[in-house]
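Let me begin by presenting the structure, written as structure tokens, before commenting on it.
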Amino acid sequence: MPDPIPAATLVLMREARRGPPELLVMERTGHMAFAAGALVFPGGRIDPEDEAFGAGFADLPDAAARIAAVRETIEETGLAPAIRPEIDAATACRLRAGIESGRDLAALLAEESLAIDPHRLTPFARWCPNFRETRRFDTLFFLAEAPAEAAEPTVSEQEAVRVFWAGARDILDEIEAGRAHAIFPTRRNLERLARFDSIAEAREDAARHPVRKITPWIEDRPSGRFLCIPDDAGYPVTCEPLETARRS
């Protein structure tokens, strides 16, 4: 099998007026090579420029992944978390346009007299499926709080058909009703996030479960074949019948 592609994903959260926090999710376009039409969190592969930028944060071994997660979120949604000082919509739009044109995030921030604070991201999970029918990614997941004065997200038409805020339980209800779908790792992470009534609770749970690489496996049981993950990694659901588990 090919080596997995290093990647990063950001679970951007905001407190709701009533109920649990809302999460930012996108519905990918149907022509994508990976997770076509699925609900996903913003994210993508870690680029060499992210590695170079991340080298300036010697206390964070995963700094490049954190930077990639922020960069991809800006490009895919127009929201700019972990940037200081907090910026207005016009500045976020300029950053997004620069990233879309292929410019380096570090240079764009310097031009705007801004800085990135990767410490605002909380490590949450690491998934590296080895499904033979898909492209392989070794993905670090992070939690972050949305900027307080952020504008509403806007879709990147090359990547997605919509981007929206919703509670984790509401998203799962849509999936279970067949009105949306998600790949196996996204669904398991939504189930984990659905247990929390605040962003602080999510971060506390992340601290209780040190990040380790999760590679699902297929297990034959008397009731059928199941796709499984470890029972002690913080996830309330640790298996799903193979015939219902979407892997790509």
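Flag: Glu243 does not match the condition of being part of a strand (DSSP E or B), farther than 28 Å from Glu22 by Cβ, without any contact (Cβ under 8 Å) to a residue 24 or more places away in the chain and among the charged types (D, E, K, R).
On inspection, Val155 passes the criterion of being under 17 Å from the mean Cα position of the chain (by Cα), in a loop (DSSP other than H, G, I, E, B) and within 30 Å of Asp88 (Cβ to Cβ).
Scan segment 65-86 for residues that are touching a residue at least 40 places away in the same chain (Cβ under 8 Å) and either under 14 Å from Ala7 (Cβ atoms) or touching a Gly at 6+ places or on another chain (Cβ under 9 Å) (or both) and jot them down. Show your work before the answer.
Step one: of segment 65-86, the residues touching a residue at least 40 places away in the same chain (Cβ under 8 Å) are 65-70, 72-73, 75-83, 86.
If the condition is that a residue be touching a residue at least 40 places away in the same chain (Cβ under 8 Å) and either under 14 Å from Ala7 (Cβ atoms) or touching a Gly at 6+ places or on another chain (Cβ under 9 Å) (or both), then Ala65, Arg66, Ile67, Ala68, Ala69, Val70, Glu72, Thr73, Glu75, Glu76 are the ones that fit.
Ser223 passes every criterion in (1) polar (S, T, N, Q); (2) surrounded by fewer than 20 Cβ atoms within 10 Å (Cβ to Cβ); (3) touching a residue at least 40 places away in the same chain (Cβ under 8 Å) apart from (3). Among the residues making up segment 146-159, a single one is crowded, with 20+ Cβ neighbours inside 10 Å and in contact with a helix residue (DSSP H, G or I) (Cβ under 7 Å, 6 or more places away or on another chain): Pro153. Set side by side, the residues Ala182, Ala206, Ala200 differ, and just one is in contact with a Ser or Thr (Cβ under 6 Å, 6 or more places away or on another chain) and among the hydrophobic types (A, V, I, L, M, F, W, C), which is Ala206. Scan segment 121-133 and tell me whether some residue there is within 30 Å of Cys239 (Cα to Cα), of a type in the set (Ser, Thr, Tyr) and under 19 Å from the mean Cα position of the chain (by Cα). So far as segment 121-133 goes, yes, one or more of its residues are within 30 Å of Cys239 (Cα to Cα), of a type in the set (Ser, Thr, Tyr) and under 19 Å from the mean Cα position of the chain (by Cα). Just one of (1) touching a Pro at 6+ places or on another chain (Cβ under 9 Å); (2) more than 18 Å from Met13 (Cβ to Cβ); (3) not hydrophobic (A, V, I, L, M, F, W, C) fails for Ser198. It is (2).
Evaluated against (1) aliphatic (A, V, I, L, M); (2) out of contact with any Ser or Thr (no Cβ under 9 Å at 6 or more places or on another chain); (3) modelled with pLDDT of 95 or more, Ala148 falls short on exactly one condition, (3). Against the definition (under 19 Å from Met13 (Cβ atoms), open to solvent by 60 Å² or more (accessible area, probe 1.4 Å) and of a type in the set (Lys, Arg)), how does Arg135 come out, yes or no? It is false that Arg135 is under 19 Å from Met13 (Cβ atoms), open to solvent by 60 Å² or more (accessible area, probe 1.4 Å) and of a type in the set (Lys, Arg).
The values are calculated or read from the model by the stated rules, or taken from the named source; none is laboratory data. Just so it is clear, the model here is predicted, and its values are computed rather than measured. FYI the Cβ positions are ideal-geometry reconstructions off the backbone, even for glycines, and counts take in every protein chain you see. Side chains are part of the model used for accessible areas, which takes the heavy atoms of the whole protein and leaves out ligands, DNA and RNA. Shrake-Rupley method; radii C 1.70, N 1.55, O 1.52, S 1.80 Å.
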